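Structure, as structure tokens:
The values are calculated or read from the model by the stated rules, or taken from the named source; none is laboratory data. The shown structure was predicted, so the numbers you read here are calculated from the model rather than taken from an experiment. Every residue, glycine as well, gets a Cβ built from its backbone with ideal geometry; the counts of neighbours run over all protein chains shown.
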Amino acid sequence: MNTLKNLLGTALVTCCSVMTHVAADEVGDRYWGQWRGPFGNGVGPHADPPTEWSESKNVRWKIHLPGMGHSTPIIWGDRVYVSAAVGVGESVDPVHTHTEGAHDYVAPTQSHKFLVLAINRADGKIVWERTVRDQIPHEGMHNTGSMASNSPVTDGEHLFAFFGSRGLYCLDMQGEVLWEKDFGDMKTKHAHGEGSSPALWGDTLVVNWDHEGESFVVALDKATGEERWRAARDEVSSWSTPLVVVHGGKPQVIIAATTAVRGYDLATGKVIWECAGLSSNVVASPVSASGMVYAGSSYDFQSMLAIRLDGAKGDITDTEHVVWTLDRLTPYVPSPLLYGDSLYFIRHNQGTLSVLEAKTGKTLAGPFRLRGIKNVFASPVGAANRVYITDRSGATLVLSHAATPDLVALNHLDDSFSASPALVDSEIYLRGEHYLYRISED
């Protein structure tokens, strides 16, 4: 096996580190039922996908998806569930532009159908397809974005598809809509689009609604859609997905954003603690392990916070609860991977990987420039002591999960990937701009 140096460039700087083991939620750990996998950390604990593939090797099936979406596919039982947005009809004048300073903005010029699809894992055939909304979006998106970037979530009985300003939908597993919610129109910074996914814990569904208007977080009864609580947030646009962590026997909702990273009581919506220190435009979602939370951002400045939950109450900024901070090469678009005692994170537009140790903050490996990897939007994932990093050029780098990672393989497919991979059993699912791939050796 080649050493990582055969694929990676020279180290750039020395970083700090982190310990990571995420608290288990109530989603089955065999499947990939939500954004970032069953434990919210990017790890498939029972998965063992291939290490090598190409258009002619280990692609069990490849299907063309209608429209486009950057949402991650989720897997439960014998089905894969994806969301997509399909432009239909003739172009029209955009409903709302909101383009100040947004040279990379794409205006909405068509009506879109917002779809949820169920796909058979065995053969890639579409089992059902449901259009939940048909409308002209009120504002556009970044030119690298999609109108379906919020990932769905399931508990095996309900399927929750969130399209942001186009609504939240609860479907049964046969594709019938049980209830829906409309939270209004989100106004994102520079109209760069929407992307935060719902978080499901027990019978509670949590949605983060950070934008340039009145921001809030809301908890819903998953069976009925009834609001259990809603908490106003002093926040501007963020794209971070909430993370539910159990600490001291009590679940709390953790959301990373510009003004503060906050922990909310899942039962009441009351803020337990908050910690300032991230930049604006927070995209990466937090991860948590062993009573610690790790949140990073990298827009107008670079920052990562390691926060100890034990005893955290009120404003803990610049207190002993902030165990360490980092101000170099922190993540922006891809969320960190928390795998065992290691924290992996990527500077997406530089293809730079850092690997940090759990307890001490010591650098385990890197930072390295990943040769063969270009712009990375997909978050890294891990399984079977391997790490998978997929970029927008169609490349996936496979590394060993070790103190000093080794190169396992560099694979290429004929598509561009912004959605994060999903790992189940002996399979890895890659959702591209055009196709959904099931990659497996059997």
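For region 172-204, which residues satisfy the criterion of being surrounded by 16 or more Cβ atoms within 10 Å (Cβ to Cβ) and aliphatic (A, V, I, L, M)?
Those that are surrounded by 16 or more Cβ atoms within 10 Å (Cβ to Cβ) and aliphatic (A, V, I, L, M): MET173, MET186, ALA191, ALA199, LEU200.
Kindly evaluate GLU441 against the criterion of being in contact (Cβ under 8 Å) with a residue 40 or more places away in the chain, within 30 Å of GLY87 (Cβ to Cβ) and surrounded by fewer than 23 Cβ atoms within 10 Å (Cβ to Cβ).
Values: in contact (Cβ under 8 Å) with a residue 40 or more places away in the chain: yes; within 30 Å of GLY87 (Cβ to Cβ): no; surrounded by fewer than 23 Cβ atoms within 10 Å (Cβ to Cβ): yes.
No, not satisfied.
I need a count of the residues in region 346-392 that are part of a loop (DSSP other than H, G, I, E, B), of a type in the set (Ser, Thr, Tyr) and either in contact with a His (Cβ under 8 Å, 6 or more places away or on another chain) or buried (at least 24 other Cβ atoms within 10 Å of the Cβ) (or both).
Taking region 346-392 first, the residues part of a loop (DSSP other than H, G, I, E, B) are 348-351, 358-362, 371-380, 384-385, 391-392.
Then keep just the ones that are of a type in the set (Ser, Thr, Tyr); that gives 360, 379.
Subsequent filtering for residues that are either in contact with a His (Cβ under 8 Å, 6 or more places away or on another chain) or buried (at least 24 other Cβ atoms within 10 Å of the Cβ) (or both) retains 379.
Residues that pass the stated criteria total 1.
Residues of region 146-164 being surrounded by fewer than 23 Cβ atoms within 10 Å (Cβ to Cβ) and modelled with pLDDT under 95, which ones?
Selection gives SER146 alone.
Scan region 173-180 and give yes if some residue there is among the β-branched types (Val, Ile, Thr) and either under 28 Å from THR144 (Cα atoms) or touching a helix residue (DSSP H, G or I) at 6+ places or on another chain (Cβ under 9 Å) (or both), otherwise no.
Within region 173-180, the first condition is being among the β-branched types (Val, Ile, Thr), and the residues that meet it are 177.
Filter again for either under 28 Å from THR144 (Cα atoms) or touching a helix residue (DSSP H, G or I) at 6+ places or on another chain (Cβ under 9 Å) (or both), leaving none.
Among the residues of region 173-180, not one is among the β-branched types (Val, Ile, Thr) and either under 28 Å from THR144 (Cα atoms) or touching a helix residue (DSSP H, G or I) at 6+ places or on another chain (Cβ under 9 Å) (or both), which makes the answer no.
If we only count strands (runs of 3 or more DSSP E) wholly inside region 164-277, which ones have 2 or more residues that are within 22 Å of the chain's Cα centre (by Cα) and of a type in the set (Gly, Ala, Ser)?
Values: elements: 168-172, 177-181, 199-201, 204-209, 215-221, 227-233, 243-247, 250-255, 261-265, 271-275.
Result: 215-221.
Looking only at region 108-118, count every residue that is modelled with pLDDT under 75 and among the aromatic types (Phe, Trp, Tyr) and tell me the total. Reasoning before the result, please.
Taking region 108-118 and keeping what is modelled with pLDDT under 75, we get 108-109.
Then keep just the ones that are among the aromatic types (Phe, Trp, Tyr); that gives none.
Count: 0.
Starting from residues that are among the aliphatic types (A, V, I, L, M) and under 18 Å from PHE162 (Cα atoms), keep the ones in region 124-145 and report whichever is surrounded by the fewest Cβ atoms within 10 Å (Cβ to Cβ).
Start the filter on region 124-145 by keeping residues that are among the aliphatic types (A, V, I, L, M), which leaves 126-127, 132, 136, 141.
Going one step further and asking which of them are under 18 Å from PHE162 (Cα atoms), we end up with 132, 136, 141.
Numbers: VAL132: 19, ILE136: 16, MET141: 25.
My answer is ILE136.
Out of all the residues in region 80-96, which are touching a strand residue (DSSP E or B) at 6+ places or on another chain (Cβ under 8 Å) and either surrounded by fewer than 15 Cβ atoms within 10 Å (Cβ to Cβ) or at pLDDT below 55 (or both)? Quick ask: steps written out before the conclusion?
Within region 80-96, the subset touching a strand residue (DSSP E or B) at 6+ places or on another chain (Cβ under 8 Å) is 80-89, 92.
Correct list: VAL88, GLY89, VAL92.
It is to be established whether one or more residues within region 100-107 are hydroxyl-bearing (Ser, Thr, Tyr), surrounded by 18 or more Cβ atoms within 10 Å (Cβ to Cβ), under 30 Å from VAL381 (Cα atoms) and at pLDDT below 95. Show your work before the answer.
Going through region 100-107, the residues hydroxyl-bearing (Ser, Thr, Tyr) turn out to be 105.
Next, only the ones that are surrounded by 18 or more Cβ atoms within 10 Å (Cβ to Cβ) stay: 105.
If we keep only those that are under 30 Å from VAL381 (Cα atoms) as well, we get 105.
Subset that is at pLDDT below 95: 105.
Yes: region 100-107 contains one or more residues that are hydroxyl-bearing (Ser, Thr, Tyr), surrounded by 18 or more Cβ atoms within 10 Å (Cβ to Cβ), under 30 Å from VAL381 (Cα atoms) and at pLDDT below 95.
Among the residues of region 289-343 satisfying the criterion of being assigned to a loop (DSSP other than H, G, I, E, B) and hydroxyl-bearing (Ser, Thr, Tyr), which is surrounded by the most Cβ atoms within 10 Å (Cβ to Cβ)? Full working, then the answer.
Within region 289-343, the first condition is being assigned to a loop (DSSP other than H, G, I, E, B), and the residues that meet it are 290-291, 299-301, 309-313, 316-321, 327-336, 340-341.
Keeping just the survivors that are hydroxyl-bearing (Ser, Thr, Tyr) gives 290, 299, 317, 319, 330, 332, 335.
Values: SER290: 14, TYR299: 15, THR317: 16, THR319: 14, THR330: 25, TYR332: 22, SER335: 29.
Here the answer is SER335.
Do the conditions hold for ARG121, that is, is it modelled with pLDDT of 95 or more, surrounded by 19 or more Cβ atoms within 10 Å (Cβ to Cβ), under 30 Å from SER426 (Cβ atoms) and among the charged types (D, E, K, R)?
Judged against the criteria, ARG121 is a match.
Please specify each residue of region 411-428 satisfying the condition of being in contact with a strand residue (DSSP E or B) (Cβ under 6 Å, 6 or more places away or on another chain), of a type outside the set (Phe, Trp, Tyr) and not in a strand (DSSP E or B).
Listed by number, the residues that qualify are ASP415, ALA419, PRO421, SER426.
Can you find a residue in region 393-410 that is part of a loop (DSSP other than H, G, I, E, B), modelled with pLDDT under 95 and among the aliphatic types (A, V, I, L, M)?
Yes, region 393-410 has at least one match.
Of the residues THR390, THR352, which single one is modelled with pLDDT under 95 and not small (Gly, Ala, Ser)?
THR352
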